[in-house]
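The values are calculated or read from the model by the stated rules, or taken from the named source; none is laboratory data. Because the structure is predicted, anything quoted here is derived from the model rather than measured. Heads up, the Cβs are rebuilt from the backbone with ideal geometry, glycines too, and the neighbour counts pull from every protein chain shown. With ligands, DNA and RNA removed, areas are computed over all heavy atoms of the protein, side chains included. Shrake-Rupley method; radii C 1.70, N 1.55, O 1.52, S 1.80 Å.
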Amino acid sequence: MQTQPKASHFVDGKYLEDTAGTSIDVICPATGRVVATVHSATDAVIEAAVQSGLRAQKEWAAMSGTERGRVLRRAADIMRARNHDLSVLETYDTGKPYSETSVADATSGADALEYFGGLAGSLTGEHIQLGDDFVYTVREPLGLCVGIGAWNYPTQIACWKGAPALACGNAMIFKPSETTPLCALKVAEIMMEAGAPAGLYNVVQGLGDVGAKLVGEPRVNKVSLTGSVPTGRKVYAAAAAQMKHVTMELGGKSPMIVFEDADIENAVSGAILGNFYSSGQVCSNGTRVFVHADILEQFLERLCARLDTAIIGDPMDPETTFGPMVSAAQMEIVKGFIAKGEAEGARLVYGGKQLDQEGFYLQPTVFADVTDDMTIAREEIFGPVMSVLSFTFEEEVLARANDTEFGLAAGVFTKDITRAHRVVKGFEAGTCYINTYNLAPVEAPFGGAKASGVGRENSKEAINHYSEVKTVYVAMGDVEAPF
């Protein structure tokens with residue numbers, strides 16, 4: 001596959017290059033080799049993206065919601081037709097196995113485009129009768145939006161941010177992570193092919209300085225970030241300085257509680273999905289797995305047996321089910337956490353080693369006898385490291401589960417549905433699961449509480465974050481005044 005893009009940026013409906021920007025090598029995580037090179041956006045590229053976005057937004061907002069929706073749905077069809085090529089590119093970009101990218105990345109991006117395309121024509125206001133007088137509301141676009149993506153789901157995130165923004169009549173400038181810059185360019189290509197005005201969906205590459213310039217640009221009305229909590233705090237503060245609308249989808253250290261009556265096989269499956277899918281590089285992962293003391297050893301035994309069946313290897317091989325970390329730097333960070341886990345007394349029951357081969361491969365890793373104060377139980381690792389903690393009582397484990405600055409997700413496994421709902425009610429988290437984990441359909445809101453974020457992505461809730469409501473009061477009689 002041709003992994004080198006035609007140019008670094010996609011602006012005003014076409015590829016745009018400016019080699020004066022900092023050179024950014026794209027490294028294939030499976031081999032450690034350079035597969036492409038892009039350049040960070042210069043001020044000239046950013047200005048071109050802003051100007052073309054402003055121009056396209058006016059044209060786009062003048063179209064009816066039904067017309068906008070037609071373009072988005074057409075883009076979804078194109079994306080599905082090209083799923084194989086997009087999935088291969090995503091695998092080169094992220095290292096995730098093709099067996100995963102082919103069913104979870106471009107497909108979920110297409111789902112977002114289709115869903116919000118279908119919703120676009122229904123975005124109307126309401127009529128409020130007040131005696132003879134009445135009020136009507138109008139839902140209006142915000143204007144020019146900036147999306148800043150993470151490196152774990154580059155295609156999906158580009159669509160999760162772009163689809164609701166465009167459905168509401170906005171334009172989008174999207175900056176992918178510098179680690180995975182390739183896939184968003186294809187999203188921009190597809191949007192143009194589907195009939196979007198030139199400049200409506202621009203992609204600019206860059207390091208943190210480019211993101212900061214986009215966030216601080218006065219003509220930008222909205223910023224949506226997927227990233228870490230420290231980055232989120234900086235971006236949120238910069239956006240607040242100019243009273244911009246924001247959506248923050250940040251990190252987590254999510255709990256998963258497995259009660260003694262849980263179906264062990266399902267609970268182990270949930271723990272695998274919540275810790276080792278995408279090699280553990282998922283913000284909502286349930287990395288603190290609280291298992292009832294009565295079934296702890298049974299759970300660990302079955303978990304290790306299931307991990308033995310993981311196929312670790314070339315992510316392009318459709319049989320591979322576990323791939324490399326996204327980068328050498330991220331792998332070293334995770335290795336540091338593994339070392340801390342051992343040093344602080346956690347019991348390593350599975351994995352923990354780097355594989356002796358090219359690429360950034362770490363074994364799936366499981367620690368038992370983890371206590372709440374250990375580093376691996378407190379800090380987001382963003383890698384294939386599971387912490388298993390024992391508990392006895394429901395009230396105790398719920399308090400421990402909530403004892404964190406994060407609040408992105410939480411899960412519970414039990415056959416007692418009353419207890420399941422009771423525990424979910426007590427979770428301090430934005431996205432909760434009962435007897436499953438890490439599913440994120442576009443129809444459901446996704447987002448966190450506490451330090452894990454502000455606002456929601458997906459579902460009808462996202463519309464509220466990409467539009468604002470104008471209220472119009474209509475008087476049908478004379479106006480009374482005190483003098």
Item to complete: Holding the Cα-Cα limit at 18 Å, pick out from Lys186/Lys244; Lys175/Lys234; Lys14/Lys96; Lys14/Lys186; Lys253/Lys415; Lys253/Lys450 the pairs that are longer than that.
Response: Lys186/Lys244; Lys14/Lys96; Lys253/Lys415
Worksheet, complete the sentence: Applied in sequence order to segment 435-447, the curve 6.51 cos²θ - 1.76 cosθ + 1.60 (Karplus, θ = phi - 60°) yields integer Hz couplings, x standing for Gly and Pro, of 6, 6, 7, 6, 7, 9, x, 5, 6, 10, x, 9, x
Discussion item. From the protein chains alone at 1.4 Å, what is the descending order of accessible area for Tyr437, Tyr153, largest first?
Written reply: Tyr153, Tyr437
Worksheet item: Between Asp25 and Asn402, 0.36 nm times their residue separation minus their Cα-Cα distance comes to what?
Response: 131.7 nm
Worksheet item: How high is the relative contact order of segment 171-283, in percent, with contacts defined as C-alpha pairs under 8 Å that are six or more residues apart?
Response: 19
Worksheet item: To the nearest Å, what is the center-to-center distance of segment 349-379 and segment 432-482, using C-alpha atoms only?
Response: 38
Worksheet item: Projected onto the charge dipole of segment 35-180 (+1 at Lys/Arg Cβ, -1 at Asp/Glu Cβ, origin at the Cα centre), which of Leu123, Val35, Ile46 gives the Cα projection farthest towards the positive end?
Response: Val35
Item to complete: Find which of Gly341, Thr371, Gly477 sits farthest along the positive direction of the dipole of the chain, computed with +1 on the beta-carbon of Lys and Arg, -1 on that of Asp and Glu, about the Cα centre.
Response: Gly477
Worksheet entry | Dipole moment magnitude, nearest 20 debye, the chain about Cα centre, only Lys, Arg, Asp, Glu C-beta charged | 920
Fill in: Length released on extending from Ile311 to Lys340, taking residue separation times 0.36 nm less the Cα-Cα span
7.8 nm
Worksheet item: Under a 5 Å amide H to amide H cut-off, with H placed in plane at 1.01 Å, what residues pair with Phe174 once short-range neighbours are removed?
Response: Gly147, Asn202, Val203, Val204
Item to complete: Pop a pseudo-label 7 angstrom from the Cα along the beta-carbon direction at both Met63 and Val138 and give the gap in nm to one decimal.
Response: 2.0
Worksheet item: Over segment 277-317, what number does the Rg to Rh ratio reach, with both radii from the alpha-carbon atoms and Rh per Kirkwood?
Response: 1.07
Response to the item:
Over the chain, with neighbouring protein chains present, the accessible area per residue in Å² at probe 1.4 Å is 39
Response to the item:
Checked the chain against the a/c 1.5 cut and the a/b vs b/c comparison, axes a ≥ b ≥ c from its Cα gyration tensor; verdict oblate
Worksheet item: Once both axes come from the Cα atoms, what is the angle between helix 264-273 and the longest principal axis of the chain, in degrees from 0 to 90, rounded to 10?
Response: 50
Item to complete: Pop out the ³J(HN,Hα) list for segment 78-90 in order, Karplus 6.51 cos²θ - 1.76 cosθ + 1.60 with θ = phi - 60°, rounded to Hz; leave Gly and Pro as x.
Response: 5, 5, 5, 5, 9, 4, 4, 5, 5, 5, 5, 4, 4
Practice prompt. Would you mind checking the radius of gyration and Dmax of segment 429-479 based on alpha-carbon positions, in Å?
Written response: 17.9, 61
Practice prompt. Once you have a ≥ b ≥ c as the square roots of the Cα gyration tensor eigenvalues for segment 1-115, tell me rounded if a/c is under 1.5, and otherwise prolate or oblate according to whether a/b is larger than b/c.
Written response: oblate
Practice prompt. Using only the Cα atoms of segment 152-279, build the gyration tensor, take square roots of its eigenvalues as a ≥ b ≥ c, and label the shape rounded, prolate or oblate: rounded if a/c is under 1.5, else prolate if a/b is larger than b/c, else oblate.
Written response: prolate
Worksheet item: Considering amide H positions built from the backbone, and no H for Pro or chain starts, which residues 5 or more places from Phe391, or on another chain, come under 5 Å of its amide H?
Response: Val291, His292, Ala293
Worksheet, complete the sentence: Kirkwood Rh over alpha-carbon pairs of segment 12-52 plugged into Stokes-Einstein at 25 °C, 0.890 mPa s gives a D in µm²/s of 211
Discussion item. So if I place +1 on the C-beta of Lys and Arg and -1 on the C-beta of Asp and Glu, and nothing else carries charge, what would the dipole magnitude of segment 347-423 be about its Cα centre? I want it in debye, nearest 20.
Written reply: 300
Discussion item. Quick query: amide H of Thr436 versus all other amide H atoms, modeled in the peptide plane; which residues come in under 5 Å with a sequence gap of 5 or more or a different chain?
Written reply: Val412
Fill in: Selection of GluC sites (Glu not before Pro), segment 380-483, meeting DSSP coil and at most 10 other Cβ within 10 Å
Glu443, Glu480
Response to the item:
At 10 °C and 1.306 mPa s, the Stokes-Einstein diffusion coefficient in µm²/s for segment 353-474, with hydrodynamic radius from the Kirkwood sum on alpha carbon pairs, is 92
Worksheet entry | In segment 61-139, GluC sites (Glu not before Pro) in a DSSP loop with at most 11 other beta-carbon atoms within 10 Å | Glu126
Response to the item:
Here the percent of antiparallel bridges among DSSP beta bridges lying wholly in the chain, to the nearest 5, is 45
Worksheet item: Quick one: Debye curve from the C-alpha atoms of segment 240-325, no solvent, what's log10 I(q)/I(0) at q = 0.14 Å⁻¹?
Response: -0.60
Worksheet entry | Principal axis dimensions, largest first and in whole angstrom, of segment 63-162 by Cα | 63, 25, 20
Fill in: Charged-residue dipole, Cβ positions (Lys, Arg, Asp, Glu), segment 339-469 about Cα centre, Debye nearest 20
380
Worksheet item: Which value in Å is the Kirkwood Rh of segment 311-410 over different Cα pairs?
Response: 14.9
Practice prompt. Order the following by accessible area, largest value first: Leu89, Leu130. Probe radius 1.4 Å; ligands, DNA and RNA are ignored.
Written response: Leu130, Leu89
